[in-house]
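The values are calculated or read from the model by the stated rules, or taken from the named source; none is laboratory data. This one's a predicted model, so the numbers in the text were calculated from it and none came from an experiment. Neighbour counts run over all protein chains shown; Cβ positions are idealised from the backbone, glycine included. For the accessible areas, the whole protein counts, side chains as well, though only heavy atoms, and no ligand, DNA or RNA atoms are used. Shrake-Rupley method; radii C 1.70, N 1.55, O 1.52, S 1.80 Å.
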Amino acid sequence: MNKLVLALLTIGLLAGCGSKKKNSGKDAFTFEDFRHLFTQGKLPYKLTPETLREKSSDSAAIPPELMKQFLVDTLGKSDFPEGTVIRFYPLAVIDGAAVNYFVVKAAGKATNTAYICFLDKKGHYLDRLTVAKVDDKRDQHYFSIDTRQVIKITNESELSPGHTAIREDFYGVAEDGKTTLIMTNTSGDATASQIFNPIDTLSAKHKLSGDYLSGETSIVSIRDGEDPKSFLFFISFSKDKTGCKGELSGTGHFTGANKGEYKDKETSCGIAFQFASGKVSIKEIGGCGAYRGVRCFFEGSYSKKK
C-alpha cells in the first residue's frame, strides 16, 4: 500500500477513534512511519532543477497534520505569495554525522521550492534552509551535499542571452541545525539586485530591517530576529579597485537603540553595526579573514534601499 495513503488512513482512524486512541496509543503514526515516506538518500546528494521542476502527484503530498507533527507548519509561508495553496512532497532523507537532512519540495502555482529540514538523531525538528527554487523565470537555484556534509547552493542568473552569472554558496551545519556560510564562489560580477540573498524573504518588520546598499555590488541585508534583541544579517561586498570580495551571514544582537554586534562562534570575527538616518555603518572588530579577501575588510557605510 502507498505509504502516504497509509498515512492518510491512519490520520482518519485516529480522528475517528477519539478518546479510545488516547488509551491505547498503538495506532499512532510514528516518526519512523514519517521517515519511511522519504526515499533514503546517500552522500554525495544533488537535487537538479529538472527534478525539482517535475510535477508530483497530489496523492504523494504530505498531509498538513504530519507536517505540523514532525516538521513545522510554517514551512514555505514566507517564500510564496499570501493565499497560495502549497503542497509538500517528501524527496529524500540523508543521515548525517550530527543531524539528519530531510529534503522537502514545496509546490505552488508557478514556483517549486526545496528545503532541507534539519532534525536531530531523536527525530526532533531543529531548523530549515531554503536550498533550491525553479519558476517561470530564467534564473534557477539548486543544491548538493558533499561527503563532508557541506551544502552547496548554486544560483544561476541569466544576465543576457548567452551570458549567465553563477554563484555558489557553501554552508556548514552545526549540531543545533544552524547553518553558517563558509565561502562563496562567483563567475561574473552581479549587481546588488542580482545577488542571491539567503534571507531576502524573511520578515522585515523591525524599523531597522531592510536592505542597505553601497555601489552596484555591495549589500547589507537586515531581517527580524527571533526576539526584539536580535537580528539576522547578510553582508556581501566587492571592492571595485582591488576586486577583493567578502561575504558573511549570521545572527547579531542589539547593544543599544541603534547599535548592534555580531561575534562568530567559530573564529575571532566580529562585526559592529551602527544605524543612523537611513544608513548602516559596519566595522570589523575581529579577524574575519575566513570570510573575505586579504586586501579588504568588512567596513563602510550603506544606504537603506527605499
_Per-residue ³J(HN,Hα) for the range 118-133, Karplus 6.51 cos²θ - 1.76 cosθ + 1.60, θ = phi - 60°, Hz, x for Gly and Pro_ = 9, 10, 6, 5, 9, x, 8, 5, 10, 6, 8, 9, 6, 10, 7, 7
*About its Cα centre, how strong a charge dipole does the range 82-122 have in debye, to the nearest 20, once Lys and Arg get +1 and Asp and Glu get -1 at the Cβ?*
100 debye
_Volume of the Cα convex hull of the range 54-107, divided per residue and given in Å³_ = 102 Å³
*Distance in nm between label sites at Ile182 and Glu266, each 7 Å beyond Cα in the beta-carbon direction?*
0.7 nm
*Suppose every K and R has +1 on its Cβ and every D and E has -1 on its Cβ; what is the size of the dipole of the range 56-107 about the Cα centre, in Debye to the nearest 20?*
40 debye
*Provide the solvent-accessible area of Ser303, counting protein heavy atoms only and rolling a 1.4 Å probe, rounded to the nearest 10 Å².*
60 Å²
